[in-house]
Amino acid sequence: MARRTAAAQLRELSDRLRSVRSSVLRDRTFLAGAQLARLVASLAWDAGSHPEAQRYYLLSVQMAYVARDSGYAALALADLARQSLDLERPQDALELVQLAQYGSRNSGAAKLHAFLLTREAWAFAHLNRPREFHRAVRQALDLFAESDGASCPVWLENFDEAELFGVIGARYRDLTSTEPRHAHLAEHYIQRALSVRAPNRIRNQTFDLIGLARTYLAMAEPEQGCLVARQAAEINGGALHGRPKRKLQEFCHELIPYKNTQASCDFSEYLCHLSN
């Protein structure tokens, strides 16, 4: 319902753009359109409609460029890269992030560049390129520290300390598939994210907890992993849908090596009960 409403508003806004004559008003209107298109894309992605999400992300990029806001265009490209990672296309994701970095190279916003570096690190982790991953993480941490206290666009305010730590922790977890020693760094950063995450950011906390649960599996601690995964479900009141639900299902798949443990059986039964 929310997706249809936002898409309808975007169509209405697009119709009105034809009558805009003022360059200032045109820029503001196209930027509003870019923001609406990005919202529709996010809702479509959460519903699992990837082709629709890609179309709207690209529309967001195009409208942001017309609005002469290269920073917002970079943000939409970074979202498109994140979706490519979800579709297991890390090379596409890397190219999209690097395009975003190139397009926003003249922007002085250190926080934006730190954000894009976390996306670049994400792609490197999925490509199993640890050297480039570590370089991107170091630069992201340095730039984020540099941005402390500096003003930033309202659309970048959600990229706070908790988000930085959460993303870095989850990416260290990705590296555990080939280098198990990274599991402790993953746990460290995700725990830091949870410690500073705003209480009302329930969805973000859910992803943090799922990432932590998967980290415990990488550490061969299925009991602790199942305990944390259950917290992720319960923090939503058991009402799971969209990407959080799919991520918990992936966690269940990763539990297969521990299928004979009581913790695995109990959690699988619990998640099955929630889905019915």
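The values are calculated or read from the model by the stated rules, or taken from the named source; none is laboratory data. Treat the numbers as computed from the prediction; the structure is a model and nothing was measured. Reconstructed Cβ throughout: ideal geometry from the backbone, glycine too, with neighbour counts over all protein chains shown. SASA here: full protein model, heavy atoms, side chains in, ligands and nucleic acids out. Shrake-Rupley method; radii C 1.70, N 1.55, O 1.52, S 1.80 Å.
Before moving on, here are some points about what is shown:
- Considering segment 241-267, and only residues there that are part of a helix (DSSP H, G or I) and hydroxyl-bearing (Ser, Thr, Tyr), the residue that is most open to solvent (accessible area, probe 1.4 Å) turns out to be Tyr258.
Yes or no, residue by residue, for (1) touching an Asp or Glu at 6+ places or on another chain (Cβ under 9 Å); (2) modelled with pLDDT under 95; (3) of a type in the set (Asp, Glu):
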{"residue": "Pro130", "(1), (2), (3)": "yes, yes, no"}
{"residue": "Leu141", "(1), (2), (3)": "no, no, no"}
{"residue": "Ala145", "(1), (2), (3)": "no, yes, no"}
{"residue": "Gly149", "(1), (2), (3)": "no, yes, no"}
{"residue": "Leu156", "(1), (2), (3)": "no, yes, no"}
{"residue": "Phe159", "(1), (2), (3)": "no, yes, no"}
{"residue": "Gly166", "(1), (2), (3)": "yes, no, no"}
{"residue": "His188", "(1), (2), (3)": "no, no, no"}
{"residue": "Arg192", "(1), (2), (3)": "yes, no, no"}
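- Condition met for Glu88 (open to solvent by 50 Å² or more (accessible area, probe 1.4 Å), within 21 Å of Ala186 (Cβ to Cβ) and part of a helix (DSSP H, G or I)): no
- Tabulated pairs, segment 222-238, first within 16 Å of Ile190 (Cβ to Cβ) and open to solvent by 10 Å² or more (accessible area, probe 1.4 Å), second aromatic (Phe, Trp, Tyr) and assigned to a helix (DSSP H, G or I), C-beta under 9 angstrom, 6+ apart or interchain: Gln224/Tyr216; Leu227/Tyr216; Leu227/Phe267
- Condition met for Pro244 (in contact with a Lys or Arg (Cβ under 8 Å, 6 or more places away or on another chain) and farther than 27 Å from Pro130 by Cβ): yes
- Set side by side, the residues Tyr172, Tyr270 differ, and just one is open to solvent by less than 60 Å² (accessible area, probe 1.4 Å) and under 29 Å from Arg131 (Cα atoms), which is Tyr172.
- Given (1) among the aromatic types (Phe, Trp, Tyr); (2) under 21 Å from Leu77 (Cα atoms); (3) not in a loop (DSSP other than H, G, I, E, B), number of the condition Phe165 does not satisfy: (2)
- The set of residues in segment 119-131 being in a helix (DSSP H, G or I) and touching a residue at least 12 places away in the same chain (Cβ under 8 Å) consists of Arg119, Glu120, Ala121, Trp122, Ala123, Phe124, Ala125, His126, Pro130.
- One residue stands out among those in segment 178-221 that are free of Cβ contacts under 8 Å to residues at least 12 places away in the same chain and assigned to a loop (DSSP other than H, G, I, E, B): the one that is surrounded by the most Cβ atoms within 10 Å (Cβ to Cβ), which is Glu221.
- Whenever a residue of segment 74-91 is among the β-branched types (Val, Ile, Thr), it has no partner that is modelled with pLDDT under 95 lying with C-beta atoms less than 7 angstrom away and at least six residues away or across chains.
- Some residue of segment 149-158 being touching a residue at least 24 places away in the same chain (Cβ under 8 Å), under 29 Å from Ser107 (Cβ atoms), open to solvent by 80 Å² or more (accessible area, probe 1.4 Å) and of a type in the set (D, E, K, R): no
- Hits in segment 102-118 (condition: assigned to a loop (DSSP other than H, G, I, E, B), buried (at least 18 other Cβ atoms within 10 Å of the Cβ) and free of Cβ contacts under 8 Å to residues at least 40 places away in the same chain): Ser104
So that you can scan it fast, the table gives a plain yes or no per residue for (1) at pLDDT below 90; (2) under 25 Å from Asp174 (Cβ atoms); (3) touching a helix residue (DSSP H, G or I) at 6+ places or on another chain (Cβ under 9 Å); (4) part of a helix (DSSP H, G or I):
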residue: Gly48; (1), (2), (3), (4): yes, yes, yes, no
residue: Gln54; (1), (2), (3), (4): no, yes, yes, yes
residue: Val61; (1), (2), (3), (4): no, no, yes, yes
residue: Ala64; (1), (2), (3), (4): no, no, yes, yes
residue: Arg68; (1), (2), (3), (4): no, no, yes, no
residue: Ala78; (1), (2), (3), (4): no, yes, yes, yes
residue: Ser84; (1), (2), (3), (4): no, yes, yes, yes
residue: Glu95; (1), (2), (3), (4): no, yes, yes, yes
residue: Ala100; (1), (2), (3), (4): no, yes, yes, yes
